[in-house]
Structure formats: structure tokens, C-alpha cells
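Below is one structure, written out as C-alpha cells; comments come after it.
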């Protein structure tokens, strides 16, 4: 089965993603941050949009739903427990449901915290996951509607994926995230090396996304509350990991 991901920048710092099953011709947009940019990408690739897979309701993720649905008559998929905030939703999904895009099958993961109805899509056969604003390269989403406990549970769900799972997140925040990560775990040599690589990529205007679960587990402070260095910086040595995570998130909010 031929599977292709087409990644393109849009808005200020979002990434748009089209996924395409060449066997069936089915094409899904992961979220709809910018309808014009998505239509331009579809034209560039010569694809027709059949699905939108929404991760959450924020405007920079669902704002293009209705315009794209009018243009393509595509099917819009979103979280059942947030359906009233997903424009044009057709299919309501919950944790462990399956979503088909042609022959491509995604498992839905409920990952609340950033919003109460946030979901991710894991294409196990292709070894990729689209995680919206729950997990970023070297970061995680702000906790707007959930609790630190919910967000930590959600991140652990993503950490349970195979280390080589390719992670597509929704924003190019990595350079700023690296600066914070180094402030709480400066002794992490894998992080130091990665920060240098990120600076080189951005100096050339190149994306730092996608990433992998394994790389994030080694360098992302929000996945590393068990780090003694992070525990020391937060003043929570030996405390519950959820408390260390919560304090790390609070520090980032004020960084």
C-alpha cells in the first residue's frame, strides 16, 4: 500500500498535512488550519480531498472545515465528546475507534489536556501518529481545558507507542522549546546535541518536524519527569511524576 505524507507550512507557525492512499485515491487533511493553503497543496499534488481528521476544535485546527467541505464534499471526523465545537462534523469518534482513509487505518487516541476533546490518530501499519497540540518536538501543549493529571496521562499514552513511531505535531515551536528544555535539563547531552541540530535546521529555514517518540523520550522535558536533574530544578526530587510534570509545565508557561 502506497502511503504519502505531504507537509507544508501555513498560518504563522502551523504545519498542514495531507495523507494520501495512492491505491484508492483517498486523501485526508489532518486538521484544517488554512483552507487556501490546503487547496494549494492539493492542487500541487493533484489530489482530491476526501476526509478531514480533526484533532481538536481550535480555530487554527478546524477553521477551514466548512470551506473545504463546501469545495470537496469531504467527510469530517472529530471527537464525539467535542462534536458541538467541530464545524461540519460527520463522524464522531472516541478512544480506540478506527478511522479509514481509503485503505489507511488510524486508531483514535483520546489525549485530553490542551482541550477537553483532543484526539490523536495513530496509523500503526505506517508507523506514524498525528498528535495535534498534545505533544510537540521538545514540548507539549498548554493546558487550557484539562488538568495536569489528564495531560500527563495523555502524554504517557503517546509514550507507549513504539520508539520509532514518527510523530507529526501541528506547530514549529521547537527552537523556543529547546531553550526552555535546556533551562531545566542542561546536563542532558542528547538534548544539547539536538538543540544544536535544531538551530542549524532553522538557520536554513528547514522544519524540525516530524520527530519520533524515542527522540522525545530522550530529550523532551515533559516526557522526563523521572529525570533527577529536572526534579532538582523543580524542587521535587522523589515526588510523584505528575507533580514534577505539572511544575515543569508551570515553569514553561512563565518562561
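What follows draws every value from the coordinates through simple rules; no lab data is involved. If you're wondering where the values come from, they're calculated on a predicted model, not measured in any experiment. All Cβ positions, glycine included, derive from the backbone under ideal geometry; neighbour counts span all protein chains shown.
Listed highest first by mean packing, meaning other Cβ atoms within 10 Å per residue, what order do 237-244, 82-89 come in?
Values: 237-244: 14.5, 82-89: 18.2.
Result, highest mean first: 82-89, 237-244.
Write down the percent of antiparallel bridges among all DSSP beta bridges whose residues are both part of the chain, to the nearest 5. Please report the intermediate quantities before stating the final value.
Numbers: 28 of 41 bridges.
Approximately 70 percent, going by the DSSP bridge assignments.
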Cα centroid separation - the range 12-76 against the range 181-255, whole Å: 31
With a/c under 1.5 counting as rounded, go ahead and sort the range 77-125 into rounded, prolate or oblate using the C-alpha gyration tensor (a ≥ b ≥ c being the square roots of the eigenvalues; past the cut-off, prolate if a/b is larger than b/c, else oblate). oblate
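Can you give the extra length, in nm with one decimal, that the chain gains between residue 73 and residue 201 once fully stretched, where that is 0.36 nm per residue apart less the Cα-Cα distance? Intermediate results must be reported in sequence, preceding the final value.
On the way: separation 128, 0.36 × 128 = 46.08 nm, distance 3.77 nm.
This chain segment gains 42.3 nm when fully extended.
Any idea what the relative contact order of the chain is, in percent, if you count C-alpha pairs under 8 Å spaced at least 6 apart? If you can, show how the numbers build up before the last one.
Details: 539 pairs, mean separation 32.3, N = 255.
For the chain, the relative contact order is 13 percent.
Can you tell me which of 68-78, 24-34 comes out highest on packing, and rank the rest after it, using the mean Cβ neighbours within 10 Å?
Details: 68-78: 18.9, 24-34: 23.3.
Per-residue mean Cβ counts within 10 Å order the peptides as 24-34, 68-78.
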Could you work out how far helix 148-159 tilts from the main Cα principal axis of the chain, as a 0 to 90 degree angle to the nearest 10? 70
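Students often check this: by mean Cβ neighbours within 10 Å, which of 221-229, 52-60 ranks highest, and how do the rest follow? Please report the intermediate quantities before stating the final value.
Details: 221-229: 19.3, 52-60: 23.6.
Answer by packing, highest mean first, reads 52-60, 221-229.
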What share of the DSSP beta bridges in the range 64-138 is antiparallel, in percent to the nearest 5? 80
Rounding to the nearest 10 and keeping the result within 0 to 90°, find how far the Cα-based axis of helix 174-184 lies from the longest principal axis of the chain. 20
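What shape does the range 11-83 have by the C-alpha gyration tensor, where a ≥ b ≥ c are the square roots of the eigenvalues, rounded means a/c under 1.5, and otherwise prolate means a/b greater than b/c and oblate the rest? Spell out each step's value before the answer.
Values: a/c = 1.75, a/b = 1.26, b/c = 1.38.
Oblate.
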Quick check on the range 64-176: take the gyration tensor over C-alpha atoms, sort the square-rooted eigenvalues as a ≥ b ≥ c, and tell me if it's rounded (a/c under 1.5), prolate or oblate. prolate
Modelled label-to-label distance, residue 125 and residue 107, 7 Å Cα→beta-carbon offset: nm? 1.5
The FRET efficiency for residue 153 and residue 96, from their Cβ-Cβ distance with R0 = 25 Å and rounded to 0.05, is 0.95
What is the angle, in °, between the Cα long axis of helix 189-203 and the longest principal axis of the Cα atoms in the chain? Nearest 10 is fine, range 0 to 90. 50
